[in-house]
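Trainee: Dropping the structure in here first, questions after.
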Amino acid sequence: MATIDTKKTLVKGYPLRPAKGTMVSTAGSMKIHTKIKSEVTLVIGGGRSGKSSYAQDYALSVCDGTQARAYIATAEPIDDEMKARIATHQRDRADRFITIEEPLDIARTIQELPPSVEVCIVDCLTVWLGNLLHHRGIPEKRFPEEDALYEVLRHPPCEILLITNETGLGLIPADAESRAFRDLSGWMNQELAEIAGNVIVMVAGLPLALKGKIL
């Protein structure tokens with residue numbers, strides 16, 4: 001009888017995680033595909049803490065094939081610096097993900113993902129919030145797009161990895177718009193952490209589980 005050893009299985013150089021993705025028999029080329037559980041993971045941290053790399057490595061390790069992985073990129077090329085950042089992220093992803101560039105309507109984008117997608121990365125939510133603030137101005141409480149996203153995340157169509165920044169550990173911003181952004185980010189992150197099954201903080205490229213488990 002064929003046995004399956006997930007610890008030794010590699011898909012394009014990435015080890016598959018137990019009970020997820022495609023498992024290959026050690027006795028031959030037989031493959032058994034298992035559907036990844038639809039859960040939400042929030043990956044939070046400071047700038048250059050390793051959030052995006054961590055999420056991408058996980059997505060590559062649990063499913064095989066570009067059509068099984070989606071990447072919702074929220075950045076808008078508003079200046080040369082942002083254009084360079086976007087280009088760097090595009091090179092990192094290469095052709096390993098279905099990339100969808102959506103700066104505002106993330107909820108609809110998640111709902112309309114192709115049925116082949118098993119893991120979706122949203123990168124990043126603080127940039128998305130900044131986009132909303134730029135286009136809509138400071139809201140009375142919060143943006144309706146946030147409520148729409150929270151509703152979708154309560155019943156996700158696939159596994160979702162959300163990338164966000166921790167913006168509240170520094171000095172109090174000097175201007176009203178920056179203070180509003182900091183406050184909105186903090187409240188958004190609290191809502192997301194309540195919904196997510198896993199909350200992982202990244203520090204110097206190292207993950208720490210605040211809630212749930214490390215992926």
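Just so you know, all these numbers are worked out from the coordinates, no wet-lab data involved. Just so you know, these numbers come straight off a predicted model, no measurement behind them. All Cβ positions, glycine included, derive from the backbone under ideal geometry; neighbour counts span all protein chains shown.
Trainee: Using only the Cα atoms of the stretch 35-211, build the gyration tensor, take square roots of its eigenvalues as a ≥ b ≥ c, and label the shape rounded, prolate or oblate: rounded if a/c is under 1.5, else prolate if a/b is larger than b/c, else oblate.
Mentor: Values: a/c = 1.43, a/b = 1.38, b/c = 1.04.
Taking the square roots of the gyration eigenvalues as a ≥ b ≥ c, the stretch 35-211 is rounded.
Trainee: Just flag the trypsin sites (Lys or Arg not before Pro) in the stretch 112-164 sitting in loop per DSSP whose Cβ has no more than 11 other Cβ atoms within 10 Å. Walk me through the numbers before you get to the answer.
Mentor: Numbers: sites: 136, 141, 142, 154; in loops: 141, 142.
For trypsin sites (Lys or Arg not before Pro) across the stretch 112-164 that sit outside H, G, I, E and B with at most 11 neighbouring Cβ atoms in 10 Å, the list reads 141.
Trainee: Based on the alpha-carbon gyration tensor of the stretch 59-113, what equivalent-ellipsoid semi-axes (square roots of 5 times the eigenvalues) come out, in whole Å, largest first?
Mentor: Listed largest to smallest, the semi-axes of the stretch 59-113 are 21, 16, 6 Å.
Trainee: Taking K and R as +1 and D and E as -1, what net charge do the other residues with C-beta under 12 Å from the C-beta of residue 180 add up to?
Mentor: On the way: positive: 136, 141, 142, 179, 182; negative: 140, 175, 177, 183.
With Lys, Arg at +1 and Asp, Glu at -1, the neighbours total +1.
Trainee: So, how do all the Cα-to-Cα distances of the stretch 76-151 break down into 10 Å bins, in percent, from 0 on up?
Mentor: 15, 46, 32, 7, 0
Trainee: Let me check I've understood the local charge: for residue 82, count other residues with C-beta under 14 angstrom from its C-beta, Lys and Arg +1, Asp and Glu -1. What total comes out? Before the final figure, lay out the partial values.
Mentor: Values: positive: 83, 85; negative: 76, 79, 80, 81, 101, 123.
Every neighbour counted, the sum reads -4.
Trainee: Which of rounded, prolate, oblate describes the stretch 108-215, given a ≥ b ≥ c as roots of the alpha-carbon gyration tensor eigenvalues and a/c under 1.5 marking rounded, otherwise prolate only if a/b is larger than b/c? Present the calculation step by step, with values, prior to reporting the outcome.
Mentor: Working: a/c = 2.17, a/b = 1.27, b/c = 1.71.
Oblate shape, in that a/c is at least 1.5 and b/c is the bigger or equal ratio.
Trainee: Take the alpha carbon atoms of the stretch 66-108, find their center, do the same for the stretch 145-215, and report the distance between the two centers in whole angstrom.
Mentor: For the stretch 66-108 versus the stretch 145-215, the Cα centre distance is 18 Å.
Trainee: Only sites in a loop by DSSP and with at most 16 other Cβ atoms within 10 Å count here; which trypsin sites (Lys or Arg not before Pro) in the stretch 71-106 make the cut? Before the final figure, lay out the partial values.
Mentor: Values: sites: 83, 85, 91, 93, 96; in loops: 96.
Sites meeting the loop and neighbour criteria: 96.
Trainee: Hey, got a sec? Which GluC sites (Glu not before Pro) in the stretch 54-136 land in a DSSP loop and have at most 14 other Cβ atoms within 10 Å? Let's see the in-between values first.
Mentor: Details: sites: 81, 101, 112, 118; in loops: 112, 118.
Filter output for the stretch 54-136: 112.
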